Amino acid sequence: MGEDGTCVLRYAELHVIDATGWEVPSFLSFDGDKVTIVVDDRGALYPLVVDPLVTSPSWTAESNESRGWFGCSVGTAGDVNGDGYSDVIVGAEGYDNGQNDEGRVFVFHGSAGGLALNPAWTAESNQAKAYFGHTVGTAGDVNGDGYSDVIVGADGYTHYETEEGAAFVYHGSAAGLAPSPDWTAEGNQAGAWFGCSVGTAGDVNGDGYSDVIVGSEGHDNGQTDEGRAYVYHGSASGLASGAAWIGEEDQAKSYYATSVATAGDVNGDGFSDVFVGADGYTNDETEEGRAFVYHGSASGLGANPAWTVESNKESAWLGCSGGTAGDVNGDGYSDVFVGAFGYSNGQTEEGRAFVYHGSAQGLEVNPGWVAESNQANSWFGSSGGAAGDVNGDGYSDVFVGADGYSNGQTEEGAAFVYYGSVVGVVPNPAWMDESNQAGAGFGCAGGTAGDVNGDGYADVIVGADGYANGQNQEGRAFVYHGSADGTTGTEGGIAVPDAQSLISRVAPNPFGTTIQLTYTLPGRGHVRLAVFNAAGQEVAVLNVGDEEAGPHTVDWNGRGARGTRLPSGVYFVQLRFKDHMEARKIVLTR
């Protein structure tokens, strides 16, 4: 506490994790105004990561309008203006500006100093009850111009059919996003709620252009509210007007496509795969929920799912959230996150989250990681997915939101980040934060923000659509910067770095146009810097030859050895220097 009684430093429980992901005994020692972290490292495998204690956000923004629900959807926008910094996108589905609940979407540009205070771009639906911005996200680069594009869902949108819903894509450029949508699609059925979920599908057919996926959970085609998902392919001219792939489940009230997203490349064949959640699905248990993954190929997505999973728990609503988790164990295959916010296991609706590992055969049948909140009605897993690599250790980390979490304030909400490691996601959260305001719903949405300040570490964005600060339920979004010690606020954290690491900067990561790699050599020697895809195939050589001691910087434009544009996905940059070898995971988004 400060002299005036204000809180100077706020921290959660101390955790220290070794290279295998297991917790190392540790405690805080206080001597007057001095705080010491004591770690018992006997038997631990270095490097050790000491939980960053500070939970202050590096950036926040609000709607400044009552019931705007700013932060109902949040995410990375990719790099929409090609300046090398990731940008973020925030939805405010209840925003009014001439029409009640028309909704508005905001994009904030990144920079060396982090996110700008004011939005660089906004858009609205200009239609009452459209709920424009109910879902938002990066679309990748659908027209291959080197700039990231964004996608927006408005599930209440009405054209010829009431609440048919619509989705909109806006192209990026050197000046940022276009003022008007470059592509629009609608549900064409009353109450279809097309656009209830939207996102990049990655590049499902390997043509070098990003594709998008749109959910329509209320669609009827023989069964009421069975739901449907659509994938649209990208091209040099942008997205196709018609869907290249349609999926549905043929079960009433299954709400198939409640959540949709890229799954990454779970089987390492070079084609992106997609995730679809159906949280109302019933098999042996009512509303247990089901998740589906469809594999990509040269001809696009397969007609039938390559993988499915259920919760086997009544009213668990598995599939309420899901998508790629990145590569949490560094084996070169993308892994998948699945949320089940209604899951009960000792506490009613505490929620549960799962990560399933990828392999050459696809996703494994059993989860590689499971976590719960152990608090009734916290809805752990209501949002979640990839956090990026927030501590730069080469493993993807996982974000989980629990918007009903209470800790002093009822339903204030909480967000958690779990580190990846050589054995997968670690058992305990490395970072968490809360809103400290009743009913804020912190964690209703969240995940990776990309790298908004270009320091080579992934950042995290969290939405709290019920947050009030002058206006009731105006909503707020929060961004926390990554660092060598994990996701921290402006105060930084503490870590024991790996002394063997020569690569010091990989930014921006994910990237859409150009990524910059910086490494420092301890002496003169032979260097080879190359890029490999998730299947372990070398796709580009960036540098080879003898080099002097000191720092060196190399740029890569996402092209292969023959200058061909490589598809979106997970890649690895490998540095060899004398007997030393290290690799960093990088993500290309188009």
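The values are calculated or read from the model by the stated rules, or taken from the named source; none is laboratory data. None of the values given here were measured: they were computed from a predicted structure. Heads up, the Cβs are rebuilt from the backbone with ideal geometry, glycines too, and the neighbour counts pull from every protein chain shown. These area figures cover heavy atoms from the full protein model, side chains too; ligands, DNA and RNA do not enter into them. Shrake-Rupley method; radii C 1.70, N 1.55, O 1.52, S 1.80 Å.
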Item to check | Cα shape, the range 180-303, gyration tensor, a/c 1.5 rule | outcome: oblate
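At 0.36 nm per residue, minus the direct Cα-Cα distance, what do Ser359 and Asn428 gain on full extension? Give it in nm, one decimal, please.
On the way: separation 69, 0.36 × 69 = 24.84 nm, distance 2.43 nm.
Taking 0.36 nm per residue and subtracting the Cα distance, the gain is 22.4 nm.
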Checklist entry - Relative contact order for the chain: what is it in percent, counting Cα pairs under 8 Å that are at least 6 residues apart? => result 13 percent
Next on the checklist: Which three numbers, in whole Å and largest first, are the semi-axes of the equivalent ellipsoid of the range 342-436 derived from its Cα gyration tensor as √(5λ)?
Outcome noted: 25, 16, 9
Checklist entry - How long, wide and thick is the range 285-329, going by the Cα atoms along their three principal axes, in whole angstroms, largest first? => result 38, 28, 14
Checklist entry - Out of [x] 69, 62, 48; [y] 75, 66, 51; [z] 102, 65, 51, which label holds the value of Cα extents along the principal axes in Å that was computed here? => result [x]
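Suppose the chain between Asp284 and Ser504 were pulled fully straight at 0.36 nm per residue; how much longer would it get relative to their current alpha carbon spacing? Before the final figure, lay out each step's value.
Values: separation 220, 0.36 × 220 = 79.20 nm, distance 5.14 nm.
Stretched fully, the Asp284-Ser504 segment lengthens by 74.1 nm.
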Checklist entry - With the Cα gyration tensor of the range 263-412 giving a ≥ b ≥ c as the square roots of its eigenvalues, does the rule (a/c under 1.5 for rounded; else a/b larger than b/c for prolate; else oblate) give rounded, prolate or oblate? => result oblate
Item to check | Net lengthening on full extension, Gln347/Ser241 (0.36 nm per residue, minus Cα-Cα) | outcome: 33.5 nm
Checklist outcome for this item: Descending packing, highest mean Cβ count within 10 Å first, for 391-399, 319-327 is 319-327, 391-399
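Counting heavy atoms of the protein chains only and a 1.4 Å probe, report the per residue accessible area for the chain as a whole number of Å².
Solvent-accessible surface per residue comes out at 36 Å².
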Next on the checklist: Sorting check: for 125-134, 261-270, which peptide has the highest mean count of neighbouring beta carbons within 10 Å, and how do the rest follow?
Outcome noted: 261-270, 125-134
Checklist outcome for this item: Between Leu542 and Ala174, Cβ-based FRET efficiency (R0 22 Å, step 0.05) works out to 0.30
Item to check | Straight-distance crosslink candidates among aspartates and glutamates, where the alpha carbon sits under 14 Å from Lys129 and sequence neighbours closer than 8 are dropped | outcome: Glu93, Asp96, Asp101, Glu102, Asp155, Glu161, Glu163, Glu164
Checklist entry - What is the calculated FRET efficiency for Asp40 to Asn188, with r their C-beta to C-beta distance and R₀ = 51 Å, to the nearest 0.05? => result 0.20
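Which shape class applies to the range 52-113: rounded if a/c is under 1.5, otherwise prolate when a/b exceeds b/c and oblate if not, where a ≥ b ≥ c are the square roots of the Cα gyration tensor eigenvalues?
Numbers: a/c = 2.87, a/b = 1.48, b/c = 1.93.
In terms of gyration-tensor shape, oblate.
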Checklist entry - Can you pull out the GluC sites (Glu not before Pro) in the range 499-571 that DSSP calls coil and that have at most 12 other Cβ atoms within 10 Å? => result Glu548
Item to check | Cut-off 14 Å (backbone N to label point 7 Å along Cα→Cβ of Ala252), residues of the range 264-284 | outcome: 282
Item to check | Protection proxy ranking of 376-385, 442-451, 362-371, 228-237 - average other beta-carbon atoms within 10 Å, highest first | outcome: 442-451, 376-385, 228-237, 362-371
Next on the checklist: At 1.4 Å probe size, with the rest of the protein present, what percent of the exposed accessible area of the chain is carbon and sulfur atoms?
Outcome noted: 46 percent
